Amino acid sequence: MTAPLLPGLSMHLWGQHLGWALVLAAITGWLVQRANAPIRRTLMALGAMAALVPGPQGPVYWLALAYQMPSLVSVALALWWLQGEAGGQQRPRMPAAFWAGQAVLGGVLLLDTLALLPWPIYAVGFGSAPLTVWLVVCALFCVRPDLRTWGWSGVLIGLVFAVTRLPTGNLWDSVSDPWLFLLAVATLLRRAGGQKTA
């Protein structure tokens, strides 16, 4: 067996801080979305700048102790949210299929972590085959006009992972993470209950 490709140390550190900066800015904006725009955007900028502070003085040091960095999909979601915020646009709801896929993948990875599956699913993510399948499936989505945006987003995420190997060198960590799994489950439950959600 060949050793898995892992991100370089400097790439990992830069990716960690930039990823958290985007995610914390989006989370801050979502939490204070009822505030007027100048206050909301100031708080979002402060959240992003705090994530760039190195060492124990910054929040990323403590977040990374238990949870290294957000997945590339979480970072892409944060960018999508921030783009809508910057343009003052009404963001469309994420499709239920996206949240269902995240819930299923997160559930499978959780079962694998608890050693309740007959095959080591997580270890497969270090190989090249899952990345190839991911890119092919996302490219097929690009054929349909209604799925083209999601297809190109998936291709871009796959290519960023192929070049950087962020966050851990494992494909599953780039397309899912524990917080995204919990958000997916919560979103599906709220939609099933008929409540309006973002």
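The values are calculated or read from the model by the stated rules, or taken from the named source; none is laboratory data. All values derive from a computational prediction rather than experimental measurement. When we count neighbours, we look across all protein chains shown, and the Cβ atoms used for this are built from the backbone with ideal geometry, even at glycine.
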Exercise. Among the residues of the range 70-84, is there at least one that is more than 20 Å from Leu156 (Cβ to Cβ) and within 19 Å of the chain's Cα centre (by Cα)?
Worked result: no
Taking the condition in contact with a Leu (Cβ under 6 Å, 6 or more places away or on another chain) and more than 24 Å from Gly107 (Cβ to Cβ), does Arg144 pass?
no
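This table checks each residue for (1) among the aliphatic types (A, V, I, L, M); (2) touching a Phe, Trp or Tyr at 6+ places or on another chain (Cβ under 6 Å).
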residue	(1), (2)
Trp152	no, no
Gly158	no, yes
Phe161	no, no
Arg165	no, no
Leu171	yes, no
Pro178	no, no
Leu182	yes, no
Thr187	no, yes
Arg190	no, no
Note on the range 19-44: residues touching a Leu at 6+ places or on another chain (Cβ under 8 Å) and closer than 27 Å to Ala162 by Cβ are Gly19, Trp20, Ala21, Leu22, Ala25, Ala26
Within the range 167-179, residues modelled with pLDDT under 95 and of a type in the set (A, V, I, L, M, F, W, C) come out as Trp179
Flagged pairs (Cβ under 7 angstrom, 6 or more apart or on separate chains; first in the range 22-51, of a type in the set (Val, Ile, Thr); second buried (at least 21 other Cβ atoms within 10 Å of the Cβ) and not in a loop (DSSP other than H, G, I, E, B)) are Val23/Ser74; Val23/Val75; Val23/Ala78; Thr28/Met44; Thr28/Gly47
How many residues of the range 49-104 are modelled with pLDDT under 90, surrounded by 17 or more Cβ atoms within 10 Å (Cβ to Cβ) and in contact with a Gly (Cβ under 7 Å, 6 or more places away or on another chain)? The answer is 1
